[in-house]
Amino acid sequence: MLHIKHYLPIPANFWIQRPDIQFSYFHLRQWIHSAEKPLIQNKLNEVMNLVHQGIADTTIDRYFSLKEIHHAIQYIEKTRTVNKGKVLITF
């Protein structure tokens, strides 16, 4: 599954060039509030297994405290073209 953070238009020829990729919209908030709890727990277990196996992974570039949020925004704007990972705000 690919999570697309930025909702940029996908060129029409992309789907012709990559028939192996299927795309569908998924609204997590709606699913969480409508699905049965055992199904949600099973899916969370599946995701956590992927995390533990190292299959689902993310790179964290920097941490900023909530007090440093203005520095975090400046950092993101400055490093946008050389994105090395996620910037997290800690509380």
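Annotation note: GluC sites (Glu not before Pro) in the stretch 13-82 located in DSSP loop regions with a Cβ neighbour count of at most 14 within 10 Å are Glu36. Taken one residue at a time, the phi angles of the stretch 63-69 give Karplus couplings (6.51, -1.76, 1.60, θ = phi - 60°) of 10, 10, 6, 4, 5, 9, 4 Hz. Gly and Pro are set to x. Across the stretch 46-56, coupling constants 3J(HN,Hα) worked out from phi with the 6.51/-1.76/1.60 Karplus curve, θ = phi - 60°, read 4, 5, 5, 4, 5, 5, 4, 7, x, 6, 9 Hz, and Gly and Pro carry x. Using a cutoff of 8 angstrom between alpha carbon atoms and counting only pairs six or more residues apart, the relative contact order for the stretch 15-91 works out to 28 percent.
Viscosity 1.002 mPa s, temperature 20 °C: what is the translational diffusion coefficient of the stretch 33-82 from Stokes-Einstein with a Kirkwood Rh over Cα pairs, rounded to a whole number of µm²/s? Result for D is 152 µm²/s.
Quick note: the coordinates plus some simple rules give every number you see, no bench work behind them. Here the structure is a predicted model, which is why all the values come from computation and not from measurement. Every residue, glycine as well, gets a Cβ built from its backbone with ideal geometry; the counts of neighbours run over all protein chains shown.
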